[in-house]
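Take a look at the structure set out below.
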Amino acid sequence: MHPAISLPTLIAHRGYSAAAPENTLAAVRAAHRAGVRWVELDVQLLGDGTPVIWHDADVARCSDGRGRLRRMTWPQTQTLDAGRWFGKAFAGEKMASLEDMLALLDALEMSVNLELKVNRGHDPIALVDRVLPSVLDALPAERFVLSSFDQTALRHSRTFAPANTLALGVLVNRLPKDWRTLCADIDAFSLHAHWGRLKPAQAEAVVQAGYALLCYTPNDPHAFHPLWAWGAASAITDEPEAFQRYLSASFS
Ligand code: G3P
Ligand code: MG
């Protein structure tokens, strides 16, 4: 048994990352404004152990600073502008801590697919030890799925809570041969795969095996359309409004 999670058709990837700087509070607010109630976000630890919502191992691409997260402290990150790179309207946006993000998700009554991002050289055990208690405390089990490419992070997560109170998702690029073992090992709720590399028979096998299938990161709804028929539950997209327009045109 898993938590009674009602997965949405659309999940906004890194927040609404086509409309606002990815993985920021602004990106989650943008998703909410667009009527999207689930977001995918990446979490990792700074050098001082603070969990932050960030994708890359360094800050160069998504801020006005430089440096690796592993060598930064929380006060240092707060001197960076994490919005201006995306657009003038977002100047002053800061890197979000996990705690700030969880508070916003709670306030907006939103749900999250939180990706435990284990960049090269990062410690998956430390990440899980710091992140899991906060998430379990902040959100009801029906409102989050934790996923990771890192099987150590997933296995360690499972030691925190059984499958009926903690939904875990195996995250893969191409579907590996041993996907059944990976899912069974952690009593997975879901499998998250690259949408463009999935074949119909693979998608159907995942769904047949009882796992929810989430697909990242399709941004062209027309190209993604067949995946719904193959059994995909959710599209994790940067462009939720393009999908909404497509869906309302196709099914109205
Ligand atoms: O969780 C789906 C997707 O976010 C995985 O890849 O690199 O965008 O974090 P990435
Ligand atoms: Mg991600």
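The values are calculated or read from the model by the stated rules, or taken from the named source; none is laboratory data. Nothing here was measured: the structure is a model prediction, and the numbers come from that model. Positions of Cβ are generated from backbone atoms using ideal geometry, with glycine treated the same way; all protein chains shown enter the neighbour counts.
Within region 83-116, the set of residues being in contact with a helix residue (DSSP H, G or I) (Cβ under 8 Å, 6 or more places away or on another chain) and assigned to a loop (DSSP other than H, G, I, E, B) comprises Gly83, Arg84, Glu93, Lys94, Met95, Leu108, Met110. When the strands (runs of 3 or more DSSP E) confined to region 1-64 are screened for residues that are over 23 Å from Ser234 (Cβ atoms) and within 14 Å of ligand 1 (Cβ to nearest atom), none reaches at least 2 such residues.
Against the definition (free of Cβ contacts under 8 Å to residues at least 24 places away in the same chain, more than 18 Å from the chain's Cα centre (by Cα) and closer than 23 Å to Arg120 by Cβ), how does Arg66 come out, yes or no? When the stated conditions are applied, Arg66 passes them. Screening the candidates Gly196, Gly231 for the property of being at pLDDT 95 or above, assigned to a loop (DSSP other than H, G, I, E, B) and surrounded by 13 or more Cβ atoms within 10 Å (Cβ to Cβ) yields one hit, Gly231.
Would you mention how many residues in region 158-185 are in a loop (DSSP other than H, G, I, E, B) and within 16 Å of ligand 1 (Cβ to nearest atom)? Quick ask: steps written out before the conclusion?
Start the filter on region 158-185 by keeping residues that are in a loop (DSSP other than H, G, I, E, B), which leaves 159-167, 172-178.
Now narrow it down to the ones that are within 16 Å of ligand 1 (Cβ to nearest atom): 167, 172-176.
Here the count works out to 6.
Considering only residues that are more than 14 Å from ligand 2 (Cβ to nearest atom) and either touching a residue at least 40 places away in the same chain (Cβ under 8 Å) or in contact with a Gly (Cβ under 6 Å, 6 or more places away or on another chain) (or both), which ones fall in region 101-115? I'd like the intermediate steps shown before the answer.
Filtering region 101-115 for residues more than 14 Å from ligand 2 (Cβ to nearest atom) gives 102-111.
Scanning region 101-115 gives Leu104, Leu105, Leu108, Glu109, Met110, Ser111.
Checking every residue in region 72-95 against the condition of being within 19 Å of the chain's Cα centre (by Cα) and within 15 Å of ligand 2 (Cβ to nearest atom) gives zero matches.
Filter region 116-157 for residues that are touching a Lys or Arg at 6+ places or on another chain (Cβ under 9 Å), touching a residue at least 40 places away in the same chain (Cβ under 8 Å) and within 13 Å of ligand 1 (Cβ to nearest atom) and give the result. Listed by number, the list holds a single entry, Asn119. Of all residues in region 101-115 being of a type in the set (Asp, Glu) and more than 13 Å from ligand 1 (Cβ to nearest atom), which is surrounded by the most Cβ atoms within 10 Å (Cβ to Cβ)? Per the criteria, the residue is Asp106.
For region 66-81, enumerate the residues that are surrounded by 15 or more Cβ atoms within 10 Å (Cβ to Cβ), part of a helix (DSSP H, G or I) and of a type outside the set (Phe, Trp, Tyr). Even if it seems obvious, please write down each step before you answer.
Here is the first cut: in region 66-81, the residues surrounded by 15 or more Cβ atoms within 10 Å (Cβ to Cβ) are 67-70, 72, 74, 76-77, 80-81.
Now narrow it down to the ones that are part of a helix (DSSP H, G or I): 69-70, 74, 76-77.
Passing the criteria: Leu69, Arg70, Gln76, Thr77.
Looking at region 70-86 only, could you name the residues that are farther than 16 Å from Gln44 by Cβ and in contact (Cβ under 8 Å) with a residue 12 or more places away in the chain? Walk me through it before giving the result.
Start the filter on region 70-86 by keeping residues that are farther than 16 Å from Gln44 by Cβ, which leaves 75, 78-79, 81, 83-86.
Hits for region 70-86 are Gln78, Thr79, Asp81, Gly83, Arg84, Trp85, Phe86.
One residue stands out in region 13-60 among those that are out of contact with any Gly (no Cβ under 8 Å at 6 or more places or on another chain) and of a type in the set (Ser, Thr, Tyr): the one that is nearest to ligand 2 (Cβ to nearest atom), namely Ser17.
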